[in-house]
Each structure stands twice: as C-alpha cells, then as structure tokens.
Amino acid sequence: MIVRSWRGVITAARALEYLDYLLETAVKDYLAVVGNRGVQICQRTFGDKTEFLVLSFWESYDAIRAFAGDDCERAVYYSKDAEFLLEREEKVLHYVVEFELL
C-alpha cells in the first residue's frame, strides 16, 4: 500500500468550510478511483491558521496515476482552493507502507 500525503494551510476561521469543501472535491474523487483504499484528514490549528494533512491510501502507483495523472507527485488542486489556501505546495509525498497494525 502507498500513502499519498498532501498538506495545505488556511485561516482558522474557515476550517470547517474548507473541510466540507475537501469532502465534496478531493475525497469524493479519491474514493471514485479503483485502487483507492481510503482517506484520512488531519488538522491542527496554530494561532489564526489551520493546517490540513490529507492522507490517501492506494494499492499501487498506477492507481495514484489514475487520480493524479502521469506526474503522480504533482499536487491536484480544485477551482476554489485558491480562495482558501494561504500556502500551496506543488508536490505531494508518497510513502510505501512496510508495516501496519490496526
């Protein structure tokens, strides 16, 4: 399994609104791809900002490419992201899961 990690920072006042937006866009798209094995959204607030960490779980890099395109390290953004995000990363990180205990 491969974990795809993306992060974004927004104003804390809009955290709930952005969470709803993530669920309607990215999460919906992740779950529609064959080979996606789930999503977790983490957040932390510091001062007047909130950071979101989105972890999506994939069976293979081919499954990730079905979502992100040929450059699977490219971050995928949606039309209203620019309205929310204070920081915008162009690349995501991928990790191979070597051990899992649930």
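All of the numbers you see were taken from the coordinates with simple rules; none came from a lab. Everything numeric here is computed off the predicted structure, so don't read it as measured data.
For Cα pairs less than 8 Å apart in space and 6+ apart in sequence, what is the mean separation divided by the residue count of region 2-91, i.e. the relative contact order in percent? Let's see the in-between values first.
Numbers: 137 pairs, mean separation 35.8, N = 90.
After rounding, I find 40 percent.
Need one number for region 2-91: average projected area of the convex hull over its C-alpha atoms, nm².
Averaging across all directions leaves 5.3 nm² for the Cα convex hull.
To the nearest 500 deg cm²/dmol, what mean residue ellipticity at 222 nm is calculated for the chain from DSSP H runs of n ≥ 4 alone, each contributing -39,500 (n - 2.57), summed and divided by the residues? Working shown, then result.
Numbers: 4 runs with 25 residues, N = 102.
Here the helix-only value at 222 nm equals -5500 deg cm²/dmol.
For ALA75, list long-range residues whose amide hydrogen, built 1.01 Å from N in the peptide plane, is under 5 Å from its own amide hydrogen.
LYS91, VAL92
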